[in-house]
Amino acid sequence: MTRRLLPLLVCAALTVSAAARAATVEELRKAADGYRAQLAANPNLPDVQAALGETLESLGDINGALAAYDRGAKGGSDRALVDRGRLFVRQGRFADGRDDFNRALSHNSRNVEALAARGHSWVAEGKSKRAKAAQADLDAALEIDPNNPTALNARGDFYLAELKPELAIADFDKALKVNPKDDVVLFNRGVAWKQMNHYDRALRDFNAALRVTPGDPMTLAAKGDTYRELGDLLLARDFYDAALKLEPRNARVLEARGEVRVTLGDGPGGEADKAQAHKLDPNVEASS
């Protein structure tokens, strides 16, 4: 989840839905088979192509998802355009993503999902000079649909990037009223609480997110960061260990664990972690 401007920021506007991620692999495969059956009977269903793309993306089949989005977009599905644009943004193809959002908005200037996704693309890219454009899109989306959870989460991420966690939490709270078990929003609200040094509330949200998606490496790493800030380095190391078992090439977490191991007296192990982190990403920095 490049899914962040802040070191541990995740956003619903840039990820597949919480419901899709929470589904089992078997359920997702059955859903994909169902969409394929519909399309075999009637290929001229562009929104079904978009739904197939979303399902394949949840299964990790990025090439298959892109192919489905392409077919949906050619068939005139704005849903496919927005979904493909979000995938492009996750891949770091920000201009391509905004091209798709702009195409969808040219068909319907009140497309809330497209407005939210375009606004958040500037945040994901780290273009602080486009903060006004980002906020304009996000505010416009929420003027149209004040309770849209995707737009609320996207604007919350924007406020986090602007170091305004109180405003971010207000948006995350509204989004969670719509879906209290959205693990992305729970995670983001935890990041906001941590930004405000409310570590107990941050841990509560991270734990709630893990109940929805057990073993998520980013959330495990966020708990490691939180315990590190609290001064409990042993627990911090344990959560970094757990995150790295699931995502062993995460340079940011390797760097963080390396610093913790050095502080705990394991100099060789810590330096090895840090060397591996810098091999993977020479510009890596550990956040706490």
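The values are calculated or read from the model by the stated rules, or taken from the named source; none is laboratory data. A quick note: this is a predicted structure, and the numbers were derived from the prediction, not measured. So basically every Cβ, Gly included, is an ideal-geometry build from the backbone, and we count neighbours across all protein chains shown.
Quick notes on this structure:
- The sole residue among A221, A154, A243 that is over 20 Å from S121 (Cβ atoms) and either modelled with pLDDT under 95 or in contact with a Gly (Cβ under 7 Å, 6 or more places away or on another chain) (or both) is A243.
- Residue within the stretch 26-46 that is acidic (D, E), under 20 Å from D157 (Cβ atoms) and assigned to a helix (DSSP H, G or I) present: no
- Check on R110, among the basic types (K, R), under 24 Å from A175 (Cα atoms) and assigned to a loop (DSSP other than H, G, I, E, B): yes
- Taken over the stretch 201-233, the criterion of being charged (D, E, K, R), assigned to a helix (DSSP H, G or I) and surrounded by fewer than 19 Cβ atoms within 10 Å (Cβ to Cβ) is satisfied by R201, R204, R211, E229.
- Residues satisfying the stated conditions in the stretch 123-164, i.e. hydroxyl-bearing (S, T, Y) and within 17 Å of the chain's Cα centre (by Cα): T150, Y159
Here is a yes/no grid of residues against (1) touching a strand residue (DSSP E or B) at 6+ places or on another chain (Cβ under 8 Å); (2) under 30 Å from T24 (Cβ atoms); (3) not aliphatic (A, V, I, L, M):
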{"site": "T226", "(1), (2), (3)": "no, yes, yes"}
{"site": "E229", "(1), (2), (3)": "no, no, yes"}
{"site": "D232", "(1), (2), (3)": "no, no, yes"}
{"site": "G258", "(1), (2), (3)": "no, no, yes"}
{"site": "L264", "(1), (2), (3)": "no, no, no"}
{"site": "P268", "(1), (2), (3)": "no, no, yes"}
{"site": "A272", "(1), (2), (3)": "no, no, no"}
{"site": "H278", "(1), (2), (3)": "no, no, yes"}
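Yes/no matrix, rows are residues, columns are (1) within 27 Å of D205 (Cα to Cα); (2) crowded, with 22+ Cβ neighbours inside 10 Å; (3) modelled with pLDDT under 95:
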site	(1), (2), (3)
A19	yes, no, yes
E27	yes, no, yes
D47	no, no, no
E54	yes, yes, no
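- Residue in the stretch 102-124 that is modelled with pLDDT of 95 or more, surrounded by fewer than 20 Cβ atoms within 10 Å (Cβ to Cβ) and of a type in the set (D, E) present: no
- For the stretch 234-288, the set of residues classified as surrounded by 15 or more Cβ atoms within 10 Å (Cβ to Cβ), more than 22 Å from D216 (Cα to Cα) and of a type in the set (V, I, T) consists of V262 only.
- Residue in the stretch 189-200 that is nearest to the chain's Cα centre (by Cα), counting only those that are surrounded by fewer than 22 Cβ atoms within 10 Å (Cβ to Cβ) and on the phi < 0 side of the Ramachandran plot: Q195
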